[in-house]
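Q: First the structure, then my questions, so here it is.
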Amino acid sequence: AQSVTQLGSHVSVSEGALVLLRCNYSSSVPPYLFWYVQYPNQGLQLLLKYTSAATLVKGINGFEAEFKKSETSFHLTKPSAHMSDAAEYFCAVSGKMKTSYDKVIFGPGTSLSVIP
Amino acid sequence: DSGVTQTPKHLITATGQRVTLRCSPRSGDLSVYWYQQSLDQGLQFLIQYYNGEERAKGNILERFSAQQFPDLHSELNLSSLELGDSALYFCASSVEWGLDTGELFFGEGSRLTVL
């Protein structure tokens with residue numbers, strides 16, 4: 001079975017400060033990991049993904065995430081927060097199973113607020 | 001624009017009624033996924049179809065059903081609606097059921113309000 005936890009349902013940072021959103025996963029097979037962002041009144045869009053290539057993954061809008069197998073983590077970071085980063089962020093996991101078809105499991109989400 | 005189209009964008013109905021939500025995936029995408037997003041449950045996977053066949057089932061209630069048609073569009077049918085069914089329903093599509101790329105393309109959602 002697969003699952004995703006995100007520590008902190010709400011994170012506030014000052015504009016220009018480091019953004020760190022935490023994600024831990026559980027998977028019985030080698031995982032694919034993703035971060036999606038949801039802006040108000042919009043659908044989710046992909047920020048970045050890990051698919052067993054480089055462990056440090058760079059995404060759009062200056063975000064990056066590092067896959068750490070030993071810690072079963074895939075935390076999202078951005079060196080300097082911008083007002084436009086205020087949104088809901090979802091970590092997700094998927095992976096090929098032996099006996100069932102793939103599906104993407106989303107974490108509960110972290111709402112990021114950026115304070116001017 | 002993700003290329004995934006969902007209709008209607010907003011829907012208000014009464015308890016006990018039935019509604020149909022429609023999704024057109026991105027051109028070329030064979031897989032369609034339905035998710036329910038509510039404040040208390042977060043983003044919940046409902047069901048996945050690939051090229052017309054059901055591939056995976058999540059937390060979908062028996063009152064809900066879905067199908068994918070030969071032209072690959074999908075419909076989610078919600079019946080005997082309850083207040084708790086009020087939520088944002090997302091459709092997403094991807095190229096392959098195997099999710100080798102892993103990327104889902106989401107529509108903007110259908111907001112259902114049950115009064």
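The values are calculated or read from the model by the stated rules, or taken from the named source; none is laboratory data. Remember, it's a predicted structure, so these values are computed and weren't measured experimentally. Cβ: placed from backbone, ideal geometry, glycine included. Neighbour counts: every protein chain shown.
Q: Of the numbered conditions (1) under 15 Å from A:PHE90 (Cβ atoms); (2) touching a strand residue (DSSP E or B) at 6+ places or on another chain (Cβ under 6 Å), A:SER14 fails exactly one; give the number of that condition.
A: (1)
Q: Could you list, in sequence order, all residues of the stretch B:32-56 that are closer than 25 Å to A:PHE90 by Cα, more than 9 Å from chain A (Cβ to nearest Cβ) and in contact with a Pro (Cβ under 8 Å, 6 or more places away or on another chain)?
A: Once the filter is applied, which keeps residues that are closer than 25 Å to A:PHE90 by Cα, more than 9 Å from chain A (Cβ to nearest Cβ) and in contact with a Pro (Cβ under 8 Å, 6 or more places away or on another chain), the stretch B:32-56 yields only B:VAL32.
Q: A follow-up question, please. Looking for something within 30 Å of B:HIS10 (Cβ to Cβ) and either touching a residue at least 60 places away in the same chain (Cβ under 8 Å) or within 14 Å of chain B (Cβ to nearest Cβ) (or both) - is there at least one such residue anywhere in the stretch A:78-85?
A: So in the stretch A:78-85, the residues within 30 Å of B:HIS10 (Cβ to Cβ) come out as A:83-85.
The next check asks that each one be either touching a residue at least 60 places away in the same chain (Cβ under 8 Å) or within 14 Å of chain B (Cβ to nearest Cβ) (or both); those that pass are A:83, A:85.
So far as the stretch A:78-85 goes, yes, one or more of its residues are within 30 Å of B:HIS10 (Cβ to Cβ) and either touching a residue at least 60 places away in the same chain (Cβ under 8 Å) or within 14 Å of chain B (Cβ to nearest Cβ) (or both).
Q: Further question: Just one of B:TYR50, B:TYR89 is touching a residue at least 60 places away in the same chain (Cβ under 8 Å) and either touching a helix residue (DSSP H, G or I) at 6+ places or on another chain (Cβ under 7 Å) or of a type outside the set (Val, Ile, Thr) (or both); which is it?
A: Details: B:TYR50 fails: touching a residue at least 60 places away in the same chain (Cβ under 8 Å).
Exactly one of B:TYR50, B:TYR89 is touching a residue at least 60 places away in the same chain (Cβ under 8 Å) and either touching a helix residue (DSSP H, G or I) at 6+ places or on another chain (Cβ under 7 Å) or of a type outside the set (Val, Ile, Thr) (or both), namely B:TYR89.
Every residue, every condition in (1) in a strand (DSSP E or B); (2) among the charged types (D, E, K, R); (3) more than 14 Å from A:GLY43 (Cα to Cα), yes or no:
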{"position": "B:TRP34", "(1), (2), (3)": "yes, no, no"}
{"position": "B:PHE45", "(1), (2), (3)": "yes, no, yes"}
{"position": "B:ILE60", "(1), (2), (3)": "no, no, yes"}
{"position": "B:PHE90", "(1), (2), (3)": "yes, no, no"}
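Q: For the stretch B:64-78: of the residues being touching a Gly at 6+ places or on another chain (Cβ under 9 Å) and either among the polar types (S, T, N, Q) or surrounded by 20 or more Cβ atoms within 10 Å (Cβ to Cβ) (or both), which is nearest to B:GLN17 (Cα to Cα)?
A: Residues of the stretch B:64-78 that are touching a Gly at 6+ places or on another chain (Cβ under 9 Å), as a first pass: B:67-70, B:72.
After this cut, where a residue has to be either among the polar types (S, T, N, Q) or surrounded by 20 or more Cβ atoms within 10 Å (Cβ to Cβ) (or both) as well, the list is B:67-68, B:72.
On the way: B:GLN67: 19, B:GLN68: 22, B:LEU72: 26 Å.
Ranking the candidates gives B:GLN67 first.
Q: Please go through the stretch A:10-48 and give me each residue that is among the small types (Gly, Ala, Ser) and within 15 Å of A:LEU76 (Cβ to Cβ), ordered by number.
A: Residues of the stretch A:10-48 that are among the small types (Gly, Ala, Ser), as a first pass: A:12, A:14, A:16-17, A:26-28, A:43.
Answer for the stretch A:10-48, where residues must be among the small types (Gly, Ala, Ser) and within 15 Å of A:LEU76 (Cβ to Cβ): just A:ALA17.
Q: Additional query: Report, by residue number, each residue of the stretch A:46-59 that is in a loop (DSSP other than H, G, I, E, B) and closer than 15 Å to A:ASP85 by Cα. Break it down into steps so the answer makes sense when it comes.
A: To start, the set of residues in the stretch A:46-59 that are in a loop (DSSP other than H, G, I, E, B) comprises A:51-55, A:59.
Of everything in the stretch A:46-59, just one residue is in a loop (DSSP other than H, G, I, E, B) and closer than 15 Å to A:ASP85 by Cα, namely A:GLY59.
Q: So in the stretch A:102-116, with the set limited to residues that are more than 7 Å from chain B (Cβ to nearest Cβ) and not aliphatic (A, V, I, L, M), which one is farthest from B:LEU30 (Cα to Cα)?
A: By that ranking, first place goes to A:PRO116.
Q: Does B:SER27 satisfy being more than 20 Å from A:PRO108 (Cα to Cα), at pLDDT below 95 and in contact with an Asp or Glu (Cβ under 9 Å, 6 or more places away or on another chain)? Give the steps one after another, and end with the answer.
A: Working: more than 20 Å from A:PRO108 (Cα to Cα): yes; at pLDDT below 95: yes; in contact with an Asp or Glu (Cβ under 9 Å, 6 or more places away or on another chain): no.
Criteria not met by B:SER27.
Q: Shifting gears a bit: List, please: which pairs have Cβ atoms under 9 Å, are six or more places apart or on different chains, and start with a residue in the stretch B:4-15 that is charged (D, E, K, R) and end with one that is surrounded by 13 or more Cβ atoms within 10 Å (Cβ to Cβ)?
A: Listed by first residue and then by second, the contacts come to B:LYS9/B:GLU108; B:LYS9/B:GLY109; B:LYS9/B:SER110; B:LYS9/B:ARG111.
Q: Something else about it: Condition check: within 13 Å of the chain's Cα centre (by Cα), of a type in the set (A, V, I, L, M, F, W, C) and within 26 Å of A:LEU48 (Cβ to Cβ). Does B:LEU78 satisfy that?
A: Details: within 13 Å of the chain's Cα centre (by Cα): yes; of a type in the set (A, V, I, L, M, F, W, C): yes; within 26 Å of A:LEU48 (Cβ to Cβ): no.
Answer is no for this residue.
Q: Let me ask another. Restricting to the stretch B:8-23, name every residue that is within 14 Å of chain A (Cβ to nearest Cβ), more than 25 Å from A:ILE105 (Cβ to Cβ) and not in a loop (DSSP other than H, G, I, E, B). Full working, then the answer.
A: Just the residues of the stretch B:8-23 that are within 14 Å of chain A (Cβ to nearest Cβ), to begin with: B:9-10, B:21, B:23.
Restricting the remaining residues to those that are more than 25 Å from A:ILE105 (Cβ to Cβ) gives B:9-10.
B:HIS10 - this is the single residue of the stretch B:8-23 that is within 14 Å of chain A (Cβ to nearest Cβ), more than 25 Å from A:ILE105 (Cβ to Cβ) and not in a loop (DSSP other than H, G, I, E, B).
Q: If B:LYS57 satisfies every condition in (1) of a type outside the set (Ser, Thr, Tyr); (2) within 14 Å of B:TYR89 (Cβ to Cβ); (3) surrounded by fewer than 15 Cβ atoms within 10 Å (Cβ to Cβ) but one, which is the exception?
A: Of the numbered conditions (1) of a type outside the set (Ser, Thr, Tyr); (2) within 14 Å of B:TYR89 (Cβ to Cβ); (3) surrounded by fewer than 15 Cβ atoms within 10 Å (Cβ to Cβ), the odd one out for B:LYS57 is (2).
Q: Next question. Would you point out the residue of the stretch B:61-115, among those that are among the hydroxyl-bearing types (Ser, Thr, Tyr) and modelled with pLDDT under 95, that is nearest to A:PHE34 (Cα to Cα)? Lay out the reasoning, then the answer.
A: Step one: list which residues in the stretch B:61-115 are among the hydroxyl-bearing types (Ser, Thr, Tyr), which gives B:65, B:74, B:79-80, B:86, B:89, B:93-94, B:101, B:110, B:113.
Those left that are additionally modelled with pLDDT under 95: B:93-94, B:101.
Working: B:SER93: 15, B:SER94: 14, B:THR101: 11 Å.
Across the stretch B:61-115, the extreme among qualifying residues is B:THR101.
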